[in-house]
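Reviewing the structure listed below.
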Amino acid sequence: MRGSDRPLSEAYDVALLDLDGVVYIGHRPVAGAADALAKARAAGQRLAFVTNNAFRTPSAVADLLTRLGVPAALGDVVTSAQAAARLLAERLPAGSPVLVVGGMGLRHALRGQGLRPVSTAAERPAAVVQGYDPNLSYGLIAEGAQAVSNGALFVASNGDLTIPGASGPPRPGNGALIQVIRAATGTDPIITGKPERPLHREAVMRTGAERPLVVGDRLDTDIEGAYNGGADSLLVLTGVTDALAAVTAVPAHRPTYVAADLAGLLTPHPRVRRSAGSGGDSYTCGGWTARWDGEIVALSHGGDGDSDDGGRDSGDEGGVGDRYDGLRALCGAAWRTDAPARPAAVEQALGRLGFG
């Protein structure tokens, strides 16, 4: 984890933002997200909304964002369908037929790259591309399997096993649905969505970003996607990832920065400073210091060696911002090696910071 002396909205030219869990949850805006993004734009940062969802067209995503108070144009949206279409266009002659096992988002993206969407194996498609569609039929999946068996290139927009449910447990995602063709044909698809590189490449190409910052709530898609693309990342804790998952992450899932929400774009991020000592290395951020004490990470505030205050929101200690300095120091200690920290080693420290 690094620091930034300037607000991230000034240090990075483009924010590549995930949607669900970052800007909205379901169809409800995340509290404060619209205001934070408006201020980031006012500071000169360009915004791009990058999604693994291949079902909605970019215009539909832009309309949804605008209704939720985040003005967006068609060109501000980058989808895994667009990444899949570009990959296919780079491998196939113009006008090639591509069998679409999915919805209008994929068909729209293919046409935009000069390819011809088809629906049956009888049309001898050069490739099959599959993306999430809640109305996907067995017949269309079977056509896709037949085409792949006949030698068509197999591409999937993303490999997410689940998607958020409107209420209750998650529902099967595209990563679960592609298992049907994979099992029937013995062919693994090329996956273009996060965390694979094609979608990150698509976002950078479409925005012309020179110093992009990936912003997301999922370690295994957003943060790993930034890692694979060689970009810095900001993890926000408004979605599926909690503080425990962040602290115990494997190297590819460790963000450059962490914040409570999108307001983290608007502030500098203090550095985590490492100091060697006779009792082992210590990691300090703000007023907090974290160090390994046997099998656990001990956390202290103000150099007093005790943290009975537990990171409570005290005006003297900086409140919630101070709590996140403690989380940054804890990440520094927990990430000292490539081996992920055990949950039991950090749970007490997280509890003292108020991360239950």
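The values are calculated or read from the model by the stated rules, or taken from the named source; none is laboratory data. Model, not experiment: these values are computed from the prediction. No Cβ is skipped: glycine too gets one built from the backbone with ideal geometry, and neighbour counts run over all protein chains shown. Ligands, DNA and RNA are excluded from the accessible area calculation, which covers all protein heavy atoms including side chains. Shrake-Rupley method; radii C 1.70, N 1.55, O 1.52, S 1.80 Å.
Descriptive notes on the structure:
- When you count the other C-beta atoms within 10 angstrom of each residue and take the mean per peptide, 259-269, 50-60 line up highest first as 50-60, 259-269.
- Long-range HN-HN contacts of Val258 with modeled amide H, under 5 Å: Leu235
- When both bridge partners sit in the stretch 101-226, DSSP labels roughly 20% of those beta bridges antiparallel.
- Around the Cα centre of the chain, unit charges on the Cβ atoms of Lys, Arg, Asp and Glu (plus for the first two, minus for the last two) sum to a dipole of about 1260 debye.
- Helix 138-149 vs. the chain, principal-axis angle (Cα, 0 to 90°, nearest 10): 80
- Compactness of the stretch 1-110 - radius of gyration and Dmax, Cα, Å: 16.2, 51
- Over 23 Å [Cα-Cα, the stretch 150-269], rounded percent: 40
- Altogether, the Stokes-Einstein calculation at 25 °C and 0.890 mPa s, with the Kirkwood radius of the chain over Cα pairs as Rh, returns a diffusion coefficient of 114 µm²/s.
- Rounded percent of accessible protein surface that carbon and sulfur make up, the chain, 1.4 Å probe: 50
- With only the Cα atoms considered, the stretch 149-200 has a convex hull volume of 81 Å³ per residue.
- Applying 0.36 nm per residue to the separation of Gln179 and Thr66 and subtracting their alpha-carbon distance, the gain on full extension is 37.2 nm.
- Distance histogram for the stretch 187-234 (every C-alpha pair counted, 10 angstrom bins, percent rounded to whole numbers): 29, 56, 13, 2
- The packing ranking, built from the mean of other Cβ atoms within 10 Å per residue, places the peptides 148-159, 31-42, 189-200 in the order 189-200, 148-159, 31-42, highest first.
- Between Pro164, Gly326, Gly75, the Cα set farthest toward the positive side of the dipole of the chain (charges on each charged residue's Cβ, about the Cα centre) is that of Gly75.
- Relative to the longest principal axis of the Cα atoms of the chain, the long axis of helix 33-42 makes an angle of roughly 90 degrees.
- Accessible surface computed residue by residue for the stretch 56-184, with neighbouring protein chains in place and a 1.4 Å probe, gives 44 Å² per residue.
- Listed values for the stretch 117-129 are Karplus-derived 3J(HN,Hα) couplings in whole Hz (6.51 cos²θ - 1.76 cosθ + 1.60, θ = phi - 60°), namely x, 10, 10, 9, 5, 5, 7, 6, x, 6, 8, 10, 10, and x replaces Gly and Pro.
- Highest to lowest packing among 79-86, 332-339, scored as the average C-beta count within 10 Å: 79-86, 332-339
- Estimated translational D of the stretch 25-178 in µm²/s (Stokes, Kirkwood radius over Cα pairs; 25 °C; 0.890 mPa s): 148
- Residue-by-residue Karplus 3J(HN,Hα) for the stretch 173-190, coefficients 6.51, -1.76, 1.60, Hz, glycine and proline x: x, 4, x, 6, 5, 5, 5, 5, 5, 4, 5, 6, 10, x, 10, 8, x, 7
- Proximity of backbone amide H atoms, modeled 1.01 Å from N, is registered between Ile190 and Phe154, Val155, Ala156 at under 5 Å, excluding neighbours fewer than 5 places apart on the same chain.
- Rounded to 10°, Cα long-axis angle of helix 197-207 versus longest principal axis of the chain: 90
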